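Asks: Quick one: structure below, then a few questions.
Laboratory data are not the source of any read-out in this text; all were calculated from the coordinates shown. All values derive from a computational prediction rather than experimental measurement. Reconstructed Cβ throughout: ideal geometry from the backbone, glycine too, with neighbour counts over all protein chains shown.
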Amino acid sequence: MRTYRKSLLLSVMAAGLIALSPMSMASAFIESGSFSSTAGTLVLKSPATLQGNMTCTLSLAGTVNSSGIAVITQVVGSGTAYCQALTPKGLPWSVSLNSASNASVTQVGLTLPPLIFGVPGADCGPSTISASWDNAAHVLSAQNQILANQCTVVSLSISFPTLNTKP
């Protein structure tokens with residue numbers, strides 16, 4: 001009877017370890033050299049926009065380091081003159097996967113010069129934001145993320161066609 005209990009206990013422990021092992025391994029991006037975005041949209045609220053939404057097209061580029069972290073070294077806004085005046089701060093930004101579908105983006109910061117006479121510019125962040133990663137679509141997205149100094153990333157959706165994850 002004692003041998004049966006030991007066998008049962010060992011079987012249950014082994015099954016538990018097998019079931020938990022994928023959860024204990026953190027996801028990471030596959031190191032593939034340089035990457036860039038093909039399409040990206042940022043909706044930002046800031047003191048410079050009088051807390052109204054400002055929608056910009058963004059292009060981002062960087063590299064994946066040996067730890068599987070996507071390191072963003074270039075951020076360029078395009079579209080309206082306001083979006084072109086958007087300047088990144090805190091670069092490089094690091095995108096770390098917390099799981100296969102959740103990410104943290106550190107050092108996110110943006111500055112905007114005064115857009116309207118009498119209205120101050122914006123000095124947003126740097127802050128860490130939470131994001132989602134969709135590996136099938138290769139899209140990093142975030143909603144309603146607060147940046148320091150009264151700024152909000154209302155939404156962010158960036159496509160990185162060459163970024164993939166490993167378990």
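Asks: Starting from the Cα of ASN164, step 7 Å along the direction of its Cβ; do the same at THR41; then give the gap between the two resulting points in nm.
Replies: 2.8 nm
Asks: Here's a follow-up. Please give me, ordered by residue number, the chymotrypsin sites (Phe, Trp or Tyr not before Pro) of region 75-128 that lie in loop per DSSP and have at most 14 other Cβ atoms within 10 Å.
Replies: Passing sites in region 75-128 are PHE117.
Asks: What are the semi-axes of the equivalent ellipsoid for region 49-167, taken as the square roots of 5 times the Cα gyration tensor eigenvalues, largest first, in whole Å? Spell out each step's value before the answer.
Replies: On the way: eigenvalues 140, 36, 33 Å².
In descending order the semi-axes read 26, 13, 13 Å.
Asks: If contacts are Cα pairs under 8 angstrom and at least 6 residues apart, what is the relative contact order of region 23-167 in percent? The partial results should precede the final answer.
Replies: Details: 424 pairs, mean separation 38.9, N = 145.
This gives 27 percent for region 23-167.
Asks: A further question on this structure: Please turn the phi angles of region 31-47 into ³J(HN,Hα) values with the Karplus equation 6.51 cos²θ - 1.76 cosθ + 1.60 (θ = phi - 60°), one per residue in order, whole Hz, x for glycine and proline.
Replies: 5, 9, x, 6, 9, 8, 8, 9, 8, x, 10, 10, 10, 10, 10, 7, x
Asks: Can you give the translational diffusion coefficient of region 113-162 in µm²/s, computed by Stokes-Einstein from the Kirkwood radius over Cα pairs at 20 °C and 1.002 mPa s?
Replies: Answer from the Stokes-Einstein relation: 170 µm²/s.
Asks: Using 7 Å Cα-to-Cβ label points, what is the ALA148/ALA61 separation (nm, one decimal)?
Replies: Taking the simple label geometry, ALA148 and ALA61 are separated by 2.9 nm.
Asks: May I ask you to derive the FRET efficiency for SER132 and SER34 from their Cβ-Cβ distance with R0 = 22 Å, giving the value to the nearest 0.05?
Replies: The formula returns an efficiency of 0.40 here.
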